[in-house]
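The values are calculated or read from the model by the stated rules, or taken from the named source; none is laboratory data. Remember, predicted model here, so these are calculated numbers, not experimental data. Here the Cβ is made from the backbone with ideal geometry for all residues, glycine too, and neighbour counts use every protein chain on show.
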Amino acid sequence: MPDVLIMRHGEAASGFPDQARRLTPRGELETEKMARWLAQRVERGELALPALYASPYVRAQQTAQRICDALGVSLNTLSFITPEDPPVEVSEWLLNRSEVTPIMLVSHMPLVGELAGLLVEGAPSQGIGFPTAAIAELEADVWASGCAQLKRFTQPSQLF
């Protein structure tokens, strides 16, 4: 099975309604840094080009578009990866995918942390904290609860 990359959007400004919040200048820089890092990994052959999916919320779309621009891939939107959506739905969706390339999801806390917890530990409550623009790379033979392994976790502050 291809790897799954789970990314939290870059830092966003506060505001209302939640789905309209935009990236801050810092969030744009974080996202650009991660996009360059992913593009370098693809260029070196360390990562295959992913199929990219994002939440419909503005900050996730902005983040994902920068990744798409850097990698030269198209952006797909998934309505069920917003902050409060249940990670079980995403896990079921992953189980039914037949892609042979990595899948990258750009979403929000708490979903990204809960999804990683569900896939790796078998329980959403065992999720990991995601700084803004961080990416968790998971691998698994099957995308069922507790069947994945955390392969790498990278956040913007780790990159130069």
Q. Quick one: I81 ticks every box in (1) in contact with a Phe, Trp or Tyr (Cβ under 8 Å, 6 or more places away or on another chain); (2) closer than 14 Å to R8 by Cβ; (3) surrounded by fewer than 22 Cβ atoms within 10 Å (Cβ to Cβ) bar one, so which box is it?
A. (3)
Q.
Quick check on my filter: what residues within region 39-78 are in a loop (DSSP other than H, G, I, E, B) and in contact (Cβ under 8 Å) with a residue 24 or more places away in the chain?
A. L47, A48, L49, P50, S55, P56, Y57, V73, L78
Q. If you take the residues of region 115-126 that are in contact with a Ser or Thr (Cβ under 8 Å, 6 or more places away or on another chain) and assigned to a helix (DSSP H, G or I), which of them is surrounded by the fewest Cβ atoms within 10 Å (Cβ to Cβ)?
A. G117
Q. Being under 23 Å from M34 (Cβ atoms), at pLDDT 95 or above, among the small types (G, A, S) and within 12 Å of the chain's Cα centre (by Cα), is that true of even one residue in region 73-96?
A. no
**Q.** Residue count, region 62-109 (criterion: among the polar types (S, T, N, Q) and closer than 23 Å to G129 by Cβ)
**A.** 5
Q: Kindly indicate whether E89 is in a helix (DSSP H, G or I), surrounded by 13 or more Cβ atoms within 10 Å (Cβ to Cβ), out of contact with any Gly (no Cβ under 8 Å at 6 or more places or on another chain) and acidic (D, E).
A: yes
Q) Regarding V58, is this residue more than 19 Å from F153 (Cα to Cα) and buried (at least 16 other Cβ atoms within 10 Å of the Cβ)? A) yes
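Would you mind stating whether S145 is closer than 30 Å to P25 by Cβ and more than 13 Å from the chain's Cα centre (by Cα)?
No: the conditions fail for S145.
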Q | Given (1) assigned to a loop (DSSP other than H, G, I, E, B); (2) touching a Phe, Trp or Tyr at 6+ places or on another chain (Cβ under 6 Å); (3) not basic (K, R), number of the condition V142 does not satisfy | A | (2)
(Q) Looking at region 109-120, I want the residues that are over 10 Å from R8 (Cβ atoms) and at pLDDT 95 or above and have a partner that is buried (at least 22 other Cβ atoms within 10 Å of the Cβ) and polar (S, T, N, Q) with Cβ atoms under 9 Å, at least 6 apart or on another chain. Which pairs are those? (A) L115/S107
Q) Can you name the residue in region 1-36 that is in contact with a Phe, Trp or Tyr (Cβ under 8 Å, 6 or more places away or on another chain) and part of a loop (DSSP other than H, G, I, E, B) and, of all such residues, is surrounded by the most Cβ atoms within 10 Å (Cβ to Cβ)? A) H9
